[in-house]
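Please read the structure below before turning to the comments.
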Amino acid sequence: MGIISNITEGFSPSRRAVLAGGGAGGLVLAFSLAGKGAAADTPAALNAYVAVAPDGIVTIVSKNPEIGQGIKTSLPMLIAEELDVDWVNVRTVQADNDPVAYGRQFAGGSMATPLHWDQLRQVGAAGRAMLLAAAAADWGVEAASLTTEPGVVVHAASRRRATYGALAAKAATQTAPELSSVPLKDASAYRIIGQPIPQVDTAAIVTGQPLFGIDMRLPGMLYAAYAKAPVFGAKVASADLAAAQGVKGVRRAFVVEGGTEFDGLLPGVAVVADSWWAANKGRQGLNVQWADHSTSSQSTQGYAGQARSLAEAKAGKTLRHDGDVEAALSGSAKTVEADYFYPFLSHATLEPQNCTAHFHDGKMEIWAPTQLPEPGRQIVAKTLGLAPENVIVHMTRSGGGFGRRLMNDYMAEAAWIAKEAGAPVKLVWTREDDMRHDFYRPAGFHHFRGGIDDAGNVTAWANHFVTFGEGEATARSAGMAPTEFPARFIDNYRLDVSMMPLGVPTGPLRAPGSNAIAFVVQSFIDELAHAGGVDPVEMRLRLLGDRGLVGDDARSGYDAARMAAVVRLAAEKSAWGEGLEPRRGKGIAFHYSHLGYFAEVAEVVVAEDGTVKVEKVWVAADVGRQIINPLGALNQIEGSVIDGISEMFGEITIKDGQVEQGNFDTFPLLRIDAAPVIETHFIKSDNPPTGLGEPALPPVVPAVTNAIFAATGKRVRSLPLRAEELAAG
Amino acid sequence: MAYELNVNGKAMTADVDADTPLLWVLRDTLGLVGTKYGCGIAQCGACTVHADGAPIRACVTPIEAIGGAQITTIEGAASLEVGARVQQAWSELDVAQCGYCQPGQIMSATALLAENPAPSDADIDAAMAGNICRCATYVRIRAAIKRAAGQEA
Ligand code: FES
Ligand code: FES
């Protein structure tokens, strides 16, 4: 494997892009690194992203937060490619939150690749054009007569050469071209894009250098623990502050009134100490009594009971009705009816939520692992009554995101506590805090009815989805789109939704919606296939048909041809249809999300006692014509697949309005001894490249449950998997 | 009280309560933040360090239990011949995603290979099952251990 390596810049939270002047195409023309003057030996900034030092070392800013998706490597790769530099000469710097310079900065929706594929290549190409212009001016020749080799401008006719480093200062004074006007390389000329390039932080990771939010240290910094009510949003009735203050090392303990918004500062008791251990010990002595709360009688059992009655009653709302489902069902040769359930899940980022905050000079300065810094800044400003410009947010590397850090509640807490404490404070949640104060993947209930004709074709599909929400408002990440497959692929299709109220915060978990919808939809397709005596692969290809693009365009539509191609590839690579020994089975599923087309086959063995082992997963993927970094791409796919399998074994349950699980002993995550072999195949279709942080996850869940059916004849309609239900006999 | 420690070959002093876990002494008192907090109850392995060469979970090891043991953390792993090889393999295969669990993974893998230079898949499972990787980089962890053991191309 030809791996190119480079070195990352160290952890430099004070590094900050400084704006100076406007620029073309949304680019800001000047850029300086805090603490460095404009001396002749400093890097010259070509735009907000690129600075070139006299020795040819190029510093490239990565605008988005790094949460393990590899963005701090892959976005600079796009710029470096078109700037035309050697990757070994690139140093990468994490941007601060700075929407003026960088627009929206976030890690979510696997959006970074589709959003930046053109834009950041243009940024690199614009920088190259400025270097060409500088050389053209020096040599009195047309810029069009110049070419580049990595790091060097060349005038072939006169055999003149100048390094980027030598040209940088002059290039920085050139007019930046319109981004849309700069020509881009042909893919065949790529030297960096498409190469397996290790993450820029790899050396720092393997040697344990400070990188993460939790690693932050400031002079005079204190540590905080924050106790919140186990019933979400309950207020503090009383707390033994003196007991906490009596613990050695504890400086202060105080009650925080807080508000009612889950995303902001909830009520609680803060303990600030010289060390985190002391703060947490103090917190254990608080003996907090919590006030009664309106949601303190909610429970998982209660939700299930309500869902049953709602499923039997008339639906709250019909989201879509094509054809006539009832007529088609009664005219069907066979009908199938099934109830499906999936539980709440926690994100469980391995680095618990934490944040360091320092109020000084009228400004609140924040260092946080966050997926969405700007709303964090806004919420801190609102909570503290500060103007947003007086809140500065530095993004640190995140020890996992998975959607959890799209919410910045911990930022509001740290900011409040630091201001109150009058010192820099690092707030660190315990694992239990983290698991009990998450924004959970919502549980959901689906009542399906399906019909098939004599030939085993699907004639009708009805889904009564029972979810959470109140009035018109669906709980966050608890909705379902009326275009979700197989809508538009079955003539008689109906999607109804009913809702019940929820006192538990919910939010996006990696491949939100899809991580649950794929399970129920692709499982029920399997049920219909078996009921009709049709092979599961064949059934899927029939459903997809020869429709091509369904919908208006590649962005909003569903390309049945791309999906059929990955289904065929997954079947072929996994030797679909081969006979297997008893209690061993293969299952197939596909799902489209985040602009990616994925089909996956899982092979499982179910032991006599019902224990499920996923032995191998074949992944067939179409994420467009170019894999930007194959090393990162494979890692994301393998991680997503195992993450999906891991999600089949755990659940978050609610009792008395509180989360029952608290740590990895009660909410297990998959370990190495249960990790399958994964084989990934890409189809390079002629479509723009799309992101890989999420779309490989959804199909693996139904691929596994369908494989369990093949192995045991038992249909998994409810997660998590329960061995006792899958045991032999 | 003041505890005399030997961390990564250096004499260090930590003035902390007897029940303070080694994890927080390393991170907050000594400023060695490479060792990570993930669960605090010996479930995830993020806090794995070596005490006289054996892997321990620093989150449940009180400082008073350390005695004269030589502690090696991820910051000192490169000084171990096996540790350097493991770090090298981790870099070459680019094992990490978020990277948060990897110091613990590397310390567990180093202890495994120091004791068993040619581990089987079952040996790897047994030695590494205490280390959770939330990003699920297990495929590469397995490959990197084999590479560090010189077992694959
Ligand atoms: S933090 Fe020690 S095992 Fe998880
Ligand atoms: S790389 Fe993220 S937890 Fe292992």
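The values are calculated or read from the model by the stated rules, or taken from the named source; none is laboratory data. Remember, predicted model here, so these are calculated numbers, not experimental data. Ideal geometry is used to build each Cβ from the backbone, glycine not excepted, and the neighbour counts take in all protein chains shown. Only protein heavy atoms, including side chains, enter the accessible area calculation; ligands, DNA and RNA are left aside. Shrake-Rupley method; radii C 1.70, N 1.55, O 1.52, S 1.80 Å.
At-a-glance table
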quantity	calculated
Relative packing of peptides B:33-45, A:345-357, B:61-73, A:564-576 - highest average C-beta neighbours within 10 Å first	A:345-357, B:33-45, A:564-576, B:61-73
Percent accessible area from carbon and sulfur atoms, region A:339-392, protein chains only, probe 1.4 Å	56 percent
Alpha carbon Rg of the protein assembly as shown, scaled by the compact-globule rule 2.2 N^0.38 Å	0.96
Accessible surface of chain B, 1.4 Å probe, proportion on carbon and sulfur as whole %	53 percent
Rounded to 10°, Cα long-axis angle of helix B:102-115 versus longest principal axis of chain B	80 degrees
Binned Cα-Cα distance frequencies in region A:361-429 - 5 Å width, integer %	4, 19, 32, 26, 13, 5, 1
Where GluC sites (Glu not before Pro) fall in DSSP loop in region B:75-153, at most 14 other Cβ within 10 Å	B:152
Principal-axis tilt of helix B:81-93 within chain B, Cα atoms, nearest 10 degrees	50 degrees
Residue mean of other protein chain beta carbons inside 10 Å, A:424-435	2
Chain A - mean residue ellipticity at 222 nm from DSSP helices (-39,500 (n - 2.57) per run, n ≥ 4, rounded to 500)	-8000 deg cm²/dmol
Summed buried accessible surface, chains A and B, 1.4 Å probe, nearest 100 Å²	4600 Å²
Helical segments meeting 27 Å axial Cα length and Kyte-Doolittle -1.0 threshold in chain A (DSSP H)	A:112-139
Low-density loop positions, trypsin sites (Lys or Arg not before Pro), region A:276-322 - DSSP coil, at most 15 other Cβ in 10 Å	A:314
Relative contact order %, region A:146-243, counting alpha carbon pairs below 8 Å whose residues are six or more apart	9 percent
For region B:77-148, diffusion coefficient by Stokes-Einstein and Kirkwood Rh (Cα), 4 °C, 1.567 mPa s, µm²/s	110 µm²/s
Cα long-axis angle, helix B:138-148 against chain B (0 to 90 degrees, to the nearest 10)	90 degrees
Mean separation of Cα contacts under 8 Å, 6 or more apart, over the residue count of region B:2-76: relative contact order %	37 percent
Residues of type aspartates and glutamates that residue A:616 reaches as a straight line, Cα spacing below 19 Å, ignoring anything fewer than 8 places off in the same chain	A:572, A:578, A:581, A:600, A:603, A:638, A:643, A:647, A:673, A:679, B:121, B:125
Average accessible area per residue (Å²) across region A:17-195 - probe 1.4 Å, nucleic acids and ligands excluded	38 Å²
